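Have a look at the structure below before the remarks.
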């Protein structure tokens, strides 16, 4: 993935001294020539053009103007339907940025490949797609073979995203087998290795490193993989294909019964709306997947809520325990602790529940380290949730 921001500031700086504004009718060479060499080097690196670092700016412009159209079609084999829709919008709306709705990472990818170029025309931000490249885009949009490849690539990307959302981290071999299972087709390993990095650079969906592929929220992929390996007799939870695709929705969280009850509990006993309550429970789910203990999750929640006495704290803790026991976890290969309760897995948290009190007006009560733990285990707080 290219780490540089879109080529915007250099363009704006140069525009102050430029005699003409960039336009689609300009040749690719003319547009590239408006950029400083450091930005041309970013474009060169995006196309993996090596051995050109010593070229002068004019020479590099000539090479890029020749190579980009030459390599454009081959590069497109690693794109997907969503990328093509973005380029189609650039054509349809004449590059008007507010109508194109280009996400940041998508714009960055296309800019650092020298395919689109940011410009300001009459005070309006536009994305310039040179007519020289526009003809390639239009041809790709109607080519039956390419359209099928783009459809397949999108499916690969969405399934990969969904699998990583639930499993946390997978190595290439695991992902390869899973994609074959979900698509019921033979997956070409070489094509998959070519497609996923390009799609991830455009969509910024997941992390690819020496550990394999990981969900964007995974902080310690080695730990996730070690926990997977510690459970050789546990199969990865068999999610439906539709469920994996559903996980691609923005800010997706699986809202099971425990999740919904916790949100309802918060809105009932605290002065907070449902949306804000859901955001807090979402963060609890993330904390659970990070392997945080009950005490650590409660400590996080204590920053947002105050508890009126021990009964109030115990009622709140009961909700957290239920959430923890019924949340699908990366380290459990997508299972919940309750689903593995017959497999001697230590992740289930016991709890003695009591009826909740209404806490419309609340004051924080600190539990002493030698006091009985509010989770009902019978242990001292310091030896249980306060560890």
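Listing for the model above:
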item: Hits in segment 79-92 - residues which are in contact (Cβ under 8 Å) with a residue 24 or more places away in the chain and assigned to a helix (DSSP H, G or I); result: 81, 82, 83, 84, 86, 87, 88, 90, 91
item: Conditions (1) under 30 Å from residue 60 (Cα atoms); (2) modelled with pLDDT of 95 or more; number of the one not met by residue 147; result: (1)
item: Hits in segment 47-64 - residues which are part of a loop (DSSP other than H, G, I, E, B) and under 25 Å from residue 78 (Cα atoms); result: 47, 48, 49, 50, 51, 52
item: Within segment 297-311, tally of residues that are more than 25 Å from the chain's Cα centre (by Cα) and in a helix (DSSP H, G or I); result: 6
item: Some residue of segment 227-238 being in a helix (DSSP H, G or I), at pLDDT 95 or above and either in contact with a strand residue (DSSP E or B) (Cβ under 7 Å, 6 or more places away or on another chain) or surrounded by 17 or more Cβ atoms within 10 Å (Cβ to Cβ) (or both); result: yes
item: Some residue of segment 111-120 being buried (at least 21 other Cβ atoms within 10 Å of the Cβ) and on the phi > 0 side of the Ramachandran plot; result: yes
item: Options 163, 170, 244: the member that is under 22 Å from residue 286 (Cα atoms) and under 13 Å from the mean Cα position of the chain (by Cα); result: 163
item: Considering residues of segment 28-46 that are assigned to a loop (DSSP other than H, G, I, E, B) and surrounded by fewer than 18 Cβ atoms within 10 Å (Cβ to Cβ) only, the residue nearest to the chain's Cα centre (by Cα); result: 36
item: Sole residue being touching a residue at least 40 places away in the same chain (Cβ under 8 Å), loosely packed, with under 13 Cβ neighbours inside 10 Å and in the same structural domain as residue 212 (by TED's automatic domain parsing), chosen from 151, 186, 177; result: 151
item: Residue count, segment 58-74 (criterion: over 17 Å from residue 148 (Cβ atoms), in contact (Cβ under 8 Å) with a residue 24 or more places away in the chain and surrounded by fewer than 16 Cβ atoms within 10 Å (Cβ to Cβ)); result: 4
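Yes/no per residue for (1) buried (at least 20 other Cβ atoms within 10 Å of the Cβ); (2) modelled with pLDDT of 95 or more; (3) not assigned by TED's automatic domain parsing to the domain that holds residue 104:
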site: 181; (1), (2), (3): no, yes, yes
site: 190; (1), (2), (3): no, no, yes
site: 195; (1), (2), (3): yes, yes, yes
site: 203; (1), (2), (3): yes, no, yes
site: 214; (1), (2), (3): yes, yes, yes
site: 241; (1), (2), (3): no, yes, yes
site: 272; (1), (2), (3): no, no, yes
site: 281; (1), (2), (3): yes, yes, yes
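The values are calculated or read from the model by the stated rules, or taken from the named source; none is laboratory data. Predicted model, so just to flag it, every value in this text is computed and none were measured. Neighbour counts are summed over all protein chains in view; Cβ atoms, including those assigned to glycine, are modelled from backbone coordinates with ideal geometry.
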